[in-house]
1. Which of the residues spanning region 72-92 are under 23 Å from ALA114 (Cβ atoms) and in a helix (DSSP H, G or I)?
2. Do any helices (runs of 4 or more DSSP H) lying entirely in region 165-251 carry at least 3 residues that are at pLDDT 95 or above, closer than 22 Å to PHE300 by Cβ and among the aromatic types (Phe, Trp, Tyr), and which ones are they?
3. When region 222-233 is examined, which residues are found to be open to solvent by 30 Å² or more (accessible area, probe 1.4 Å) and in contact (Cβ under 8 Å) with a residue 24 or more places away in the chain?
4. Would you check which residues across region 24-37 are open to solvent by less than 70 Å² (accessible area, probe 1.4 Å), within 15 Å of LEU319 (Cα to Cα) and part of a helix (DSSP H, G or I) and list them?
5. Which residues, taken from region 72-91, are over 21 Å from ALA238 (Cα atoms) and surrounded by fewer than 24 Cβ atoms within 10 Å (Cβ to Cβ)?
6. Would you be able to say whether some residue in region 307-315 is touching a Pro at 6+ places or on another chain (Cβ under 6 Å) and either closer than 24 Å to LEU79 by Cβ or open to solvent by 30 Å² or more (accessible area, probe 1.4 Å) (or both)?
7. May I ask you to list the residues in region 186-212 that are within 20 Å of the chain's Cα centre (by Cα), hydrophobic (A, V, I, L, M, F, W, C) and more than 19 Å from PRO112 (Cβ to Cβ)?
8. Any idea which of LEU69, LEU40, LEU58 is part of a helix (DSSP H, G or I) and open to solvent by 50 Å² or more (accessible area, probe 1.4 Å)?
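The values are calculated or read from the model by the stated rules, or taken from the named source; none is laboratory data. This structure is a prediction, so every number in the text was calculated from the model and none was measured. We place every Cβ from the backbone using ideal geometry, glycine too, and count neighbours over all the protein chains shown. We work out accessible area using only protein heavy atoms, side chains counted, and drop any ligands, DNA or RNA first. Shrake-Rupley method; radii C 1.70, N 1.55, O 1.52, S 1.80 Å.
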Amino acid sequence: MDKMPKWADVILTPLISLILAMGISALVILAIGESPWLALKTMIDGALGSSYGWGFTLYYTTNFIFTGLAVAVAYHARLFNIGGEGQAMVGGLGVALVCLALPWPHWGIALPAAMIGAALFGAAWALIPAWLQAKRGSHIVITTIMFNFIAAALLNYMLVNLMRPTGSMDPASANFPEGAHLPTLSGMAANIGLEWGKNTPVNITFIIALLACVLVWLLIWRTRLGYEIRALGRSEPAAMYAGISPVRITVIAMLISGGLAGLMAINNVMGEAERLVLNAVEGAGFIGIAVALMGRNHPFGVLLAALLFGFLYQGGGELALWTSIPRELIIVIQALVILFTGALDNMVRMPLERIFLAMRKKGRA
């Protein structure tokens, strides 16, 4: 029997962790002589107080959904994929090669092709660490960290030496053709007579990210493959006894994880920049780890956690713009959220378990 109800583990524990993180963040803001209330109000107004703020918040949320789902899928197979950063970089390379390969007549044709390119390149970048883990026992954390740095070096070489237009000093690819430009949500709203999110980068990829949450849920909890992934994650000996191949599931789970991370490039490379640039991922691969941890590796939880970190990103930018609080403070807040929802999770969980156990014993008495 579980020590506390499922809802308490999924909702109450992360919520208390978040409140603790915000409380300590307020103390940090007070320590530098600023008002925590003013900081919170500025962040809420800047990130959620207008369609412009929502447009940027949802743009960041889209990135974090893909990288959070990537970490979550691997985690269900007891794999800690922290290579989402590199897989998203290489996914961007796949997007750029597809978009620049042909004079695409319409985004509706270019988008599926770019998604395939992003997923294939991201999955390919996860394949070697997966194989090394499955066949050689090389720890997935070490190999994926190494591949993050290799991906950054590869992207730098490709942009500087092979993909940079002649005469350009900017380490970036050529602009994608007009037919490969994705529609923004503001443009889609304008088509039906609504004015929403003007001049914001959120685009149709946000809808794809929501669909990805549904598909990952179906995969993990409604398919045989998902059952095999979860069985391996719970107990490798039991999975082997049931005829499940650890090598096969390890590789497949990492391929799916890498493909999801690669799909993030549809949003920032094809949707926002409309070309491939250096540092396009901007740490979203690492934020995905915190998103998955806070979301308890469930697609719906990942969506909510991604929205929270999207709010922190956009709200932090507004905080730096309109107050004297430094932009780096938002990194402190993010770090505190990660600390309490990840490393210090048991600090909240264990007291809650004792409380629910006491309530259960009292109810039986």
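1. Just the residues of region 72-92 that are under 23 Å from ALA114 (Cβ atoms), to begin with: 73, 81, 83-92.
Hits for region 72-92 are VAL73, GLY84, GLU85, GLY86, GLN87, ALA88, MET89, VAL90, GLY91, GLY92.
2. Working: elements: 185-191, 205-222, 224-234, 236-241.
Result: 205-222.
3. Our first condition is that a residue be open to solvent by 30 Å² or more (accessible area, probe 1.4 Å); within region 222-233, this holds for 222-225, 227, 230.
Correct list: LEU225, ARG230.
4. First, the residues of region 24-37 that are open to solvent by less than 70 Å² (accessible area, probe 1.4 Å): 24-26, 28-29, 33-36.
Next, only the ones that are within 15 Å of LEU319 (Cα to Cα) stay: 25-26, 28-29, 33-36.
Answer for region 24-37, where residues must be open to solvent by less than 70 Å² (accessible area, probe 1.4 Å), within 15 Å of LEU319 (Cα to Cα) and part of a helix (DSSP H, G or I): SER25, ALA26, VAL28, ILE29, PRO36.
5. Within region 72-91, the subset over 21 Å from ALA238 (Cα atoms) is 72, 81-91.
Once the filter is applied, which keeps residues that are over 21 Å from ALA238 (Cα atoms) and surrounded by fewer than 24 Cβ atoms within 10 Å (Cβ to Cβ), region 72-91 yields only ILE82.
6. No, because not a single residue in region 307-315 is touching a Pro at 6+ places or on another chain (Cβ under 6 Å) and either closer than 24 Å to LEU79 by Cβ or open to solvent by 30 Å² or more (accessible area, probe 1.4 Å) (or both).
7. We begin by selecting, within region 186-212, every residue within 20 Å of the chain's Cα centre (by Cα); these are 200-212.
Keeping just the survivors that are hydrophobic (A, V, I, L, M, F, W, C) gives 202, 204, 206-212.
Passing the criteria: only VAL202.
8. On the way: LEU69 fails: open to solvent by 50 Å² or more (accessible area, probe 1.4 Å); LEU58 fails: open to solvent by 50 Å² or more (accessible area, probe 1.4 Å).
The conditions single out LEU40.
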